[in-house]
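Have a look at the structure below before the remarks.
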Amino acid sequence: MAESWSSLETAESNFRPLVVIELAKGTKAETIEWFTKRIVDKKADGGAQLLIKPLVTENGCENIYLVGASDLRLLLGAETVGLVKECNDNSMRTFTYSSRKTFKDFADDNHNFLTMAECQYIIKHELENLRAKSEKMIPGYPQAKLYPGKSIVRRLLTSGILVQIFPLHDREELKKLRHSWYGRVKIGYQPLDDIRCYFGETIALYFGFLEYFTFALIPMAVIGIPYYVFAWEDYDKYVMFATFNLLWSTVILEVWKRICAILTYRWGTLLMKRQFEEPRPGFHGVLGINPVTGREEPVYSSIKRQLRIYLVSLPFVCLCLYFSLYVMMIYFDLEQWALDYHKENESSFSSLMLYVPSIIYAIVIEIMNRIYRYAAEFLTSWENHRLESSYQNHLVLKVLVFNFLNCFASLFYIAFVLFDMKLLRQSLATLLITSQILNQFAESLLPYWLQKRHNKKMKKRICSQKTDADLSLADQVNMEKEMGTYLGTFDDYLELFLQFGYVSLFSCVYPLAAVFAVLNNITEIYSDALKMCRVYKRPFAEPTANIGVWQLAFETMSVISVVTNCMLIGMSPQVDALFPDSKMDLVLTVAFVEHLLLAIKFIMAFVIPDKPRDIQMKLAKLEFESLEALKQQQMKLAAESLKE
């Protein structure tokens, strides 16, 4: 591979812009010169060995640069990041430049062997791994300190010198994707492979899960409709519905693991080796030596971090939870007022007023969730976690705990304190439907309207200009850099998680919850697709093998749903009448049924394999071949040492 690196040219022949770098206005010339030189320098000299050129407009260079790479550079980069591609024998293997001829669809004149998303991911990886050598500061900015091994791009971002880095859209490919994805209303599967090729595995996996979850909800919706219509007050019949719901929630999550394994094996990410995790951009501390890498990097005391978590973050979260419960009690006061008003007036208007408190409370819940999200992000960043994975885990935990209590506390209070099943049904329906409408508006419709309005202004500004190919590219870059930044799938998974809670926690009380969830998810697929293609900048592809911590979150919710549904059924008048003499017998029976259902859930989770048999065999075969290759290499080295 060393010969390949040394022979690599950095000429700008057939330059294909893939990534845009925007520097702050007024960035000093010596800083730009130093940064661009590091990008084009050879790997042996500590550079990224990429291609870069300024974006020239009528106003001259506006500190916007286009980054690309030669085909050879991208292939070598694919080996560096460990991309997995399909071989001619239909197996999936880690790509190596030396064995490139063995991979399917590879040819020296085939420039589409790597998808555009993969090329952009390689460039992002190389830019992020540009590290300071002997520099003590960023040239022109003595306050922006550097030290050996520090990521240059991350330092430029935290110093405000680098505004943003984003991948360019491919307008032709995007047009095709939009047509096949949401261009026409149709009943069918999403083009997940095309989504993966364009946006990467993380986003494709989210849309795959959204689609799968929607289809999985259909049996619940179909069964729930007759239960709602014909057996509204008959809790005996709800026992079977709730039992089916609980087993259903286990099966769909286990089957998803298998589908996820099939998708990620086909995409190659199931086999990708996990790379050593670097410190996150916001991590700061006293300069020290990393005992693992031996490189200089910031060091921060774990004791200080724990003190921040337990003495500041935890009390703040508890205070927010208390405030959420306080708002909930205000909601119940409003409910009582609406009920008293209805009893006094008995009119159509007073009947409508019964739903007003729940609608107001649903809106307040959404506002509180969003405000708390910002506070949780600030606190988690202030805790100064070294790794991005640790930061994400602490953020997810904070957000899930608050959202769970904020969204479901009132329902638990109505069910197990007030024992008002009619109010529980009304509140559950109102909260579910209102939250879905608000999410659709806030996440898709409003951003789309704002972006469309901005695009019209941009097009009016350039429509009178005579455009050629370069100017067209400049217009595209200028339009895309003003688009919103997609912040990841966190909020999308959170919305599905809360929806899963509404459907599963109180299924025996409101069977129509699954019906509204299906209708919402169908529109969600189209609105999220529209959002990805028209509203936000193209995000960088991020390889992933599963949905991460969200799998555990959904499984935890399904366990809690067993407890709530068993308690609700045990509280029903019909079940209560079976134990007229001893309430203790009722409690013990409900506890026994609950433990039995939990045992069945865990047995089913154990029995259903996470990966299909054929994929297990393919993975085992690859592991065996890797061990054999390593053994052969060791034997060869031993034979050479004996000769010497």
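The values are calculated or read from the model by the stated rules, or taken from the named source; none is laboratory data. Given the structure is predicted, the values throughout are model-derived calculations rather than measurements. Backbone-built Cβ (ideal geometry, glycine too); neighbour counts: all protein chains shown. Each accessible area value is taken on the protein alone, full model and side chains, heavy atoms only, with ligands, DNA and RNA left out. Shrake-Rupley method; radii C 1.70, N 1.55, O 1.52, S 1.80 Å.
Table for the structure above
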| read-out | value |
| --- | --- |
| Residues of the range 506-516 classified as in a helix (DSSP H, G or I) and surrounded by fewer than 24 Cβ atoms within 10 Å (Cβ to Cβ), total | 2 |
| Criterion (open to solvent by 50 Å² or more (accessible area, probe 1.4 Å) and over 25 Å from the mean Cα position of the chain (by Cα)) met by exactly one of LYS150, LYS145 | LYS145 |
| Tally, over the range 375-395, of residues that are surrounded by 20 or more Cβ atoms within 10 Å (Cβ to Cβ), modelled with pLDDT under 90 and not in a loop (DSSP other than H, G, I, E, B) | 0 |
| Flag for ASN90 being more than 28 Å from ILE152 (Cβ to Cβ) and out of contact with any helix residue (DSSP H, G or I) (no Cβ under 7 Å at 6 or more places or on another chain) | yes |
| Filtered residue count, the range 523-581, keeping only those that are open to solvent by 40 Å² or more (accessible area, probe 1.4 Å), among the hydroxyl-bearing types (Ser, Thr, Tyr) and within 16 Å of the chain's Cα centre (by Cα) | 1 |
| Check on ILE603, of a type in the set (Val, Ile, Thr), farther than 30 Å from GLU172 by Cβ and open to solvent by less than 60 Å² (accessible area, probe 1.4 Å) | no |
| Test set (1) in a strand (DSSP E or B); (2) modelled with pLDDT of 90 or more - GLN49 fails condition number | (1) |
| Qualifying residue in the range 94-115 (condition: hydroxyl-bearing (Ser, Thr, Tyr) and loosely packed, with under 14 Cβ neighbours inside 10 Å) | yes |
| Some residue of the range 317-340 being outside any helix (DSSP H, G or I) and out of contact with any Asp or Glu (no Cβ under 6 Å at 6 or more places or on another chain) | no |
| Residue in the range 41-49 that is among the hydrophobic types (A, V, I, L, M, F, W, C) and under 19 Å from GLU135 (Cβ atoms) present | yes |
| Residues of the range 341-361 classified as assigned to a helix (DSSP H, G or I), free of Cβ contacts under 8 Å to residues at least 40 places away in the same chain and not polar (S, T, N, Q), total | 10 |
| Close pairs from the range 594-610: first over 22 Å from MET567 (Cβ atoms), partner open to solvent by 60 Å² or more (accessible area, probe 1.4 Å), Cβ under 8 Å, at least 6 apart | ILE608/ARG258; PRO609/ARG258; PRO609/GLN616; ASP610/ARG258 |
| Helices (runs of 4 or more DSSP H) completely within the range 410-497 that count 3 or more residues being at pLDDT 85 or above, farther than 27 Å from GLN551 by Cβ and open to solvent by less than 30 Å² (accessible area, probe 1.4 Å) | 421-440, 469-481 |
| Sole residue being in the same structural domain as LYS481 (by the TED database) and either among the β-branched types (Val, Ile, Thr) or closer than 30 Å to LEU23 by Cβ (or both), chosen from GLY188, GLY200 | GLY200 |
| Subset of the range 80-93 (residues that are surrounded by fewer than 19 Cβ atoms within 10 Å (Cβ to Cβ) and either touching a Ser or Thr at 6+ places or on another chain (Cβ under 7 Å) or on the phi > 0 side of the Ramachandran plot (or both)) | GLY82, CYS87, ASN88, ASN90 |
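Residues are listed down the side, and each one gets a yes or a no for (1) closer than 13 Å to LEU127 by Cα; (2) of a type in the set (D, E, K, R):
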site	(1), (2)
ASP41	yes, yes
ALA44	no, no
GLY47	yes, no
LEU51	yes, no
THR57	no, no
ALA69	yes, no
GLY77	yes, no
